[in-house]
1. Please name whichever of 92, 153, 263 sits farthest to the positive end of the charge dipole of the chain, dipole taken about the Cα centre and charges placed at Cβ: Lys and Arg +1, Asp and Glu -1.
2. May I ask you to evaluate 6.51 cos²θ - 1.76 cosθ + 1.60, the Karplus curve with θ = phi - 60°, for each residue of the range 217-223 and list the ³J(HN,Hα) values in order in whole Hz, giving x for glycine and proline?
3. In a shell of Cβ-Cβ distance under 9 Å around residue 15, excluding residue 15 itself, what net charge do Lys and Arg (+1) and Asp and Glu (-1) give?
4. What are the trypsin sites (Lys or Arg not before Pro) within the range 33-100 that DSSP puts in a loop, where the Cβ has at most 14 other Cβ atoms within 10 Å?
5. For the range 31-94, how big is the tail of P(r) above 19 Å, as a whole percent of Cα pairs?
6. Assign unit charges at the C-beta atoms only (+1 for Lys and Arg, -1 for Asp and Glu), then state the dipole size of the chain relative to its Cα centre in Debye, rounded to the nearest 20.
7. Hey, with R₀ at 30 Å, roughly what FRET efficiency would residue 136 and residue 16 work out to, going by the Cβ-Cβ distance, to 0.05?
8. Tell me which of 164, 240, 32 sits at the most positive position along the dipole axis of the chain, charges placed on C-beta atoms (Lys, Arg +1; Asp, Glu -1).
Amino acid sequence: MTMPLTIEAALSAGRTALDGAGVETATLDARLLLEAAMDAGTARIVAEPDQALDTRQEERYRSFLERRRNREPISLILGRRAFWKDEFVVTADTLTPRPDSETLIELAVEHFRRGAPCRILDLGTGTGCLLLSALREFPDAAGLGVDLSPGACGVALRNARTLGLDSRTRIICGDWGTAIGGIFDLILCNPPYIADRERETLSPEVREFEPRQALFAGVQGLDAYRELVPELAANLAPGGALIVEIGHGQGPGVSRILMESGFCVAARARDLANRERCLLATVAHT
């Protein structure tokens, strides 16, 4: 007779399986997957280690573990990811929101502490995490998100509705140029910035599961900036700010593109690893 699997045994088995697959966050991931499989919170998992899983819970947990062993990102398995002050739906059509990108919101809040923006543009919106987090911080603002992927646009709209921000949010499916012509107080952008040659250095979670068009940008990883930035000076209102995320070591290259396009780099922010992660630029003549 097979003994029922307890919470404690499930966590141990999951940690061992994920550790063997090279998952660096094996302990955390095993717990998160078990919580999802049991539809239980952390408090219950900690307080009831001898509680047995029922058949359905055990099957779900084993399925989740197998997907994670194959290095599928936990955000895709769970279908969600926390960012800034909210939780966002995540699918294979979108990049997974990352804590490092919260530096863009921090910089925006700092820049506009004396006067909030009214019109916000987010280019390559993905899940909408940047746009919707900015709208959360600036309650009188309205925002436009643009993304080339119809799937990503659908996810952004879903997140806007879930967070109660859909009345202030508009999503357009199209390329960078779709939004050109409007005037905005704040422009946010986390463009593709990984050099093509770096593909094999990426983790399997990123390389195999995240949308390629949202990751790679030519030989130096700067193609998206070169395409996008020159068009944006005319779209920034007086006193407005363009905030872009950058890759490791790209500060000088992106700064040069910004300055050649009529911008002045006014502020920089570092991420949790103390790497320069985003630049805030204003129109040079303002």
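The values are calculated or read from the model by the stated rules, or taken from the named source; none is laboratory data. The model shown is predicted, which means the values in this text are computed figures rather than measured ones. Cβ placement follows ideal geometry from the backbone for every residue including glycine, while neighbour counts extend to all protein chains displayed. Protein only, heavy atoms only, side chains kept; ligands, DNA and RNA dropped before computing areas. Shrake-Rupley method; radii C 1.70, N 1.55, O 1.52, S 1.80 Å.
1. Going by the Cα projections, it comes out as 263.
2. 8, x, 4, 9, x, 10, 4
3. Details: positive: 31; negative: 19, 29.
With Lys, Arg at +1 and Asp, Glu at -1, the neighbours total -1.
4. Working: sites: 44, 56, 60, 62, 67, 68, 69, 71, 80, 81, 85; in loops: 71, 85.
When the trypsin sites (Lys or Arg not before Pro) of the range 33-100 are filtered for loop state and at most 14 Cβ neighbours within 10 Å, 85 remain.
5. Numbers: 772 of 2016 pairs.
Distances greater than 19 Å cover 38 percent of the Cα pairs.
6. Working: 32 positive and 40 negative charges, 69 e Å.
Dipole size: approximately 320 debye.
7. Values: r = 40 Å, r/R0 = 1.32.
Once rounded, the FRET efficiency stands at 0.15.
8. 240
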